[in-house]
Each structure stands twice: as structure tokens, then as C-alpha cells.
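The values are calculated or read from the model by the stated rules, or taken from the named source; none is laboratory data. Only a predicted model underlies this, so the values are computations on that prediction, with no experimental measurement involved. The area values use the complete protein model at the heavy-atom level, side chains included, leaving out ligands, DNA and RNA. Shrake-Rupley method; radii C 1.70, N 1.55, O 1.52, S 1.80 Å.
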Amino acid sequence: MECRELTARVVDRLLGQADEPSLLALAEHLAGCAACAGEAEGIERAWEGLGSDPDARLTGAFRARSLQLIEEEMLRQRIRTFRPRGPLRSLLRYAAAVVIAAGLGYLVRGVSPEAPAAIAPEAVSAFPPPAGPALPDLAASPRLSNVTFTPPDGQGRIGIAYDTTARQTVLGRPEDPAVARLLGYIVSHNAETAGEKSRAIELVSNHYRAADAAASPDIVRALTATLRDDPNPGVRRKAADALAGFRTTIEIRAAFLEALRKDRNPGVRLAAVEALAAAAREGPPDTETIESLREKAFDPRENGFVRAKAASALKAIDL
Amino acid sequence: MVLTIAAGLTDDRALLDRIREGDTSGAAELFERYAPAILRFADRLLADRAVAEEVTQEVFLKLISRAHQYDGRAGVSSWLFAIAANACRDRRRRDRRAPVIPLDGLPDPPDRTEGAERGLLDRERKDAVRRALNALSEEQREALVLARYHGMPYSEVAQVLGISVGAVKTRIFRAVETLKSHFSEGERAWNAVN
């Protein structure tokens with residue numbers, strides 16, 4: 001060992017990070033080098049001078065304040081923007097569509113007198129057929145891999161791309177039953193990872209929220225099944241958030257009530273409370289919802305946030 | 001002080017999972033486990049108990065907001081210390097506080113089981129340690145505090161600070177050289193007065 005290595009060797013020893021040969025070499029060197037022995041003593045004194053340092057004791061006030069901040073931050077992370085769908089808004093939308101359709105019909109009849117006075121309903125498809133390849137036969141449970149989505153185009157058509165034997169891309173409106181079935185299939189059966197499933201749910205959720213359209217029964221079925229059965233709590237939360245954006249139906253309410261009663265994750269239960277409370281505020285109070293919220297508000301075993309949210313939801317509902 | 005927290009690695013990750021799932025108890029449990037060590041670490045680096053408390057709270061709020069970014073390469077405790085080291089650096093930059101040690105700053109909570117004389121000696125010892133640490137550069141102080149007081153091996157200090165093991169050793173050895181001079185000067189001054 002060289003004299004210039006002294007500090008490193010002594011510090012290694014003081015930190016308990018020196019190996020046996022290094023310790024022996026240091027001991028031998030110190031025994032034969034008075035200058036280094038003096039230096040080593042100085043280092044050890046300085047080391048001792050730093051003293052022992054137990055962890056800081058937390059004061060009660062600091063602990064309480066910190067835990068409060070932690071609770072608030074956790075709540076902030078869970079906050080989502082809820083946009084209730086007023087029935088009046090939808091009615092106005094439908095009324096506007098009827099007026100526009102009537103106006104267009106009048107114009108068409110005026111321009112071409114040969115046109116039929118009325119168009120047979122069966123002659124009009126509510127949705128143009130999805131563009132791209134034929135939709136896969138979902139009854140055969142095909143494996144669609146590398147699923148990606150593209151945002152809606154000017155006509156509200158989203159793209160769903162996937163690999164089977166080759167890369168396929170389907171373009172269509174999510175309200176189209178065939179496209180809705182495909183989306184529902186991806187959410188409930190096809191997605192292999194929680195991330196893939198979450199992206200599909202997000203797409204469905206964002207689309208219906210932006211389009212303000214009634215969700216397809218296939219989508220609702222897929223999402224309620226996901227909320228009920230998915231093993232990943234993050235995915236269940238996403239499904240709950242998506243369902244909360246839809247107009248509440250009996251099926252959706254039942255799924256939320258079940259989640260509130262049975263889900264093991266407080267974040268999911270919290271989302272269920274919020275959705276049920278919002279639905280109860282919009283329409284006439286539902287007895288089962290009120291009872292479930294009341295049970296949660298008074299259940300001492302329930303998570304504090306869920307209890308508090310259930311209590312404030314009850315206050316806000318006009319009983 | 002040797003950290004006993006590394007042993008609970010699996011549990012820590014389970015707690016982090018709970019945070020990701022929106023369960024507050026995960027964050028509260030991690031706070032109970034690590035807040036005392038993080039607070040002491042911040043106090044050593046910033047030499048101000050009140051600011052160290054703020055930084056400690058900041059660390060746990062960041063833990064919640066960044067729980068999804070934890071990649072599992074380091075232990076949760078190392079990750080927390082890395083957040084704390086960055087938070088301390090940010091705080092120093094933000095406050096533009098020169099490395100002045102506020103000796104008249106907020107005292108540590110009094111230990112009522114100790115006598116007044118013992119308390120005074122403790123206070124003097126703590127002040128001496130603060131002065132000694134203040135003689136170091138920020139980089140040296142970070143590395144030394146983690147190794148000396150938090151019992152971290154060089155490799156873990158390297159992970160926390162995001163530097164190589166060689167750089168950690170260099171910083172610690174230089175810190176020790178500085179401390180050696182600091183303490184020997186202190187002794188000379190003490191002997192001259194007496």
C-alpha cells in the first residue's frame with residue numbers, strides 16, 4: 001500500500017466497505033509508517049467528530065400536516081372532470097337534427113321534382129359502411145395484435161388498425177354497431193395488457209364524450225364487464241370513468257352499485273360514488289343508490305375518502 | 001445510523017403499487033417509514049429544520065405524483081433519497097441561500113428526558129457538526145451524509161446522486177480531508193483559548 005492511498009483506505013474501513021486484504025494491507029502499513037498512523041488518527045477523530053445521527057423525530061404537528069397534504073394530493077390525483085349530460089341538451093340536438101333533415105328534404109324535392117316524396121327508412125343506412133377490410137368474424141375469437149387507434153376524422157370516423165395475417169385498418173364511426181362490436185371486443189376480450197385495454201377504453205370514452213352520442217350497447221356491456229371483472233384496478237377505474245361519462249342506464253347504475261359494494265379498490269369505489277351521486281342529482285333519486293351511499297357514509301370500515309365523498313354526495317342530492 | 005429500510009424492499013414496492021391504485025394508505029405508510037430519515041437528510045444538507053420539513057413534504061408529494069414513473073431499477077428508498085437530493089438542490093437554487101448556517105434557527109424538538117446540561121452539550125455538538133458539514137462543498141456533503149449517516153454503500157450513493165461509484169469515492173475522500181483540517185483547526189483554537 002502507498003501512503004497516498006491512506007485516506008481512501010481509512011474511509012473504506014470506517015464505512016465498513018473495506019475487504020479483508022485491504023484491511024490487512026492498511027494495518028501493516030500503519031504499523032510501519034508513523035506519519036500515516038498520525039494521519040489516520042486525525043481522520044478517525046474527524047469521523048468521530050461527526051457523531052452519531054439518529055433519524056429526526058417528527059413532531060405531532062408536522063406529521064399531521066404532512067399526512068393531510070398527502071391525502072389532499074392523493075385526492076387531486078384522482079380528480080377527473082365530470083361533464084353531466086343534461087337531457088335537455090340531447091333533446092335540442094335531436095330537434096336540430098330533425099329540422100336540418102326536414103330542410104334538406106324540402107330542398108331536394110324542390111330541385112328534383114322526380115325525387116320520391118318520402119324516402120323509405122330501410123333505404124337509408126344510419127351509418128356508411130365501415131371503410132377498409134371486412135370486419136373480422138368476432139364469433140371466432142380472433143387474436144388482433146398491435147391494436148392502434150387513430151382519432152376521429154371530419155366525419156367522426158375513427159381508425160382501428162390491427163394485425164391478423166396482415167395489417168388491417170377499419171375506418172368507421174363508433175356508433176356504427178359493427179365498429180362498436182369491434183371496440184367492445186377489443187376492450188373485453190382481445191387486449192392482452194392493461195395498457196392496451198386502457199387505451200381502448202380511453203378512446204371509447206373520449207369519442208362518446210366529444211360526440212355527445214348515446215353509447216352503443218356493445219360498448220356499455222364491455223365496459224360494465226370490465227368494471228366488474230378486470231383484475232387490474234387501474235383498468236377498472238378507467239372503465240368506471242368511461243361509464244360515468246355516459247347517460248346513466250339501469251345497466252350502468254347496477255354496475256356502479258356493485259362496484260361500490262364489492263370492489264376492493266377505494267379509488268374504484270370513489271369513482272362509483274361520484275357517478276352514482278351525479279346520476280342521482282340529474283334524475284329522480286333512486287332508492288337503492290341512496291341506501292348504498294348512506295351505508296358507505298356510515299360504514300366505519302370504509303376508506304375515509306369514500307365515506308366523506310358518500311356523505312357529501314348525499315347532502316348534494318335533493319331528497 | 002444504518003438504514004433498516006433496504007430490508008423492506010418488496011413491501012415498499014407493494015406500498016407504491018397501492019399509491020398507483022389510488023390508495024392513500026400506501027403513501028401514509030411510506031411517510032411513516034421514511035420521513036424521519038428524509039427529514040434528517042434534508043436537515044443535514046440545508047441546515048434549517050423548517051426548510052427541511054417543507055422539503056420532506058415536497059418529497060412525499062412528488063412520490064405520489066411520480067409513482068407511475070418508478071421503474072424498479074433502484075430500491076424505493078434510494079428513489080426517495082434521489083427525489084430528496086434533487087429537492088434540496090432545487091431549494092438551494094430557488095432560495096439563493098448562501099451556505100450560511102442559521103445557528104439561531106429553529107431548534108430540534110426538545111427531549112424532555114434529558115437534563116439541561118446534557119441538552120446544552122448536545123446542542124453544542126450539533127452546532128459543531130453543522131459547522132463542519134458547512135465547510136464542505138454541496139456535492140461532498142451529499143455524498144458524505146448518505147454514506148456516513150444513512151449507511152449507504154458507495155453503489156447506492158451513486159444511484160441516488162446519479163454519478164459513478166468512482167465519483168462518489170472521490171467526493172467522500174475529499175470531504176474527509178476537509179473535515180480533518182476543520183476539526184484539527186478547531187482543536188488548535190480550543191487549546192489556544194484554554
For A:Arg143, A:Arg301, B:Arg130, give the ranking by accessible area with the largest first, probe 1.4 Å.
A:Arg301, A:Arg143, B:Arg130
Heavy-atom SASA rank of A:Asp12, B:Asp71, B:Asp12 (probe 1.4 Å, accessible area, largest first)
B:Asp71, A:Asp12, B:Asp12
Relative to the compact globular guide of 2.2 N^0.38 Å, what is the alpha carbon radius of gyration of the stretch B:120-184, as a ratio?
1.16
Only counting protein heavy atoms at a 1.4 Å probe, give the residues of the stretch A:3-24, ordered by number, whose accessible area falls by 20 Å² or more when the other protein chains are present relative to the chain alone.
A:Thr7, A:Ala8, A:Val11, A:Asp12, A:Leu15, A:Gln17
With a 1.4 angstrom probe the carbon and sulfur portion of accessible area for the stretch B:2-95, in percent, totals 47
Considering only protein heavy atoms and a probe of 1.4 Å, how much of the accessible area of the stretch B:120-184 is carbon and sulfur, as a whole percent?
51
Over both sides of the A-B contact, add up the buried accessible area with a 1.4 Å probe and give it to the nearest 100 Å².
4000
Anything losing 50 Å² or more of accessible area from the isolated chain to the full protein assembly: pick those residues out of the stretch B:19-60, probe 1.4 Å, ligands and DNA/RNA ignored.
B:Glu21, B:Gly22, B:Thr24, B:Phe31, B:Glu32, B:Pro36, B:Arg40, B:Glu53, B:Gln57
Which lysines does A:Lys262 reach when only Cα atoms under 29 Å apart count, and residues fewer than 8 places away in its own chain are ignored?
A:Lys197, A:Lys238, A:Lys296, A:Lys309, A:Lys315
Just the number please: accessible area per residue for the stretch B:120-184, 1.4 Å probe, all protein chains included, in Å².
40
Ranked order, A:Met74, A:Met1 - accessible area, probe 1.4 Å, largest first:
A:Met1, A:Met74
If the stretch B:2-95 were replaced by its equivalent ellipsoid, with semi-axes equal to the square roots of 5 times the Cα gyration tensor eigenvalues, what would those be, largest first, whole Å?
22, 14, 12
Just need the relative contact order of the stretch B:2-95 here, percent rounded to a whole number, with Cα pairs under 8 Å and 6+ apart.
30
Whole number in Å², please: accessible area per residue of the stretch B:2-95, 1.4 Å probe, ligands, DNA and RNA not counted.
37
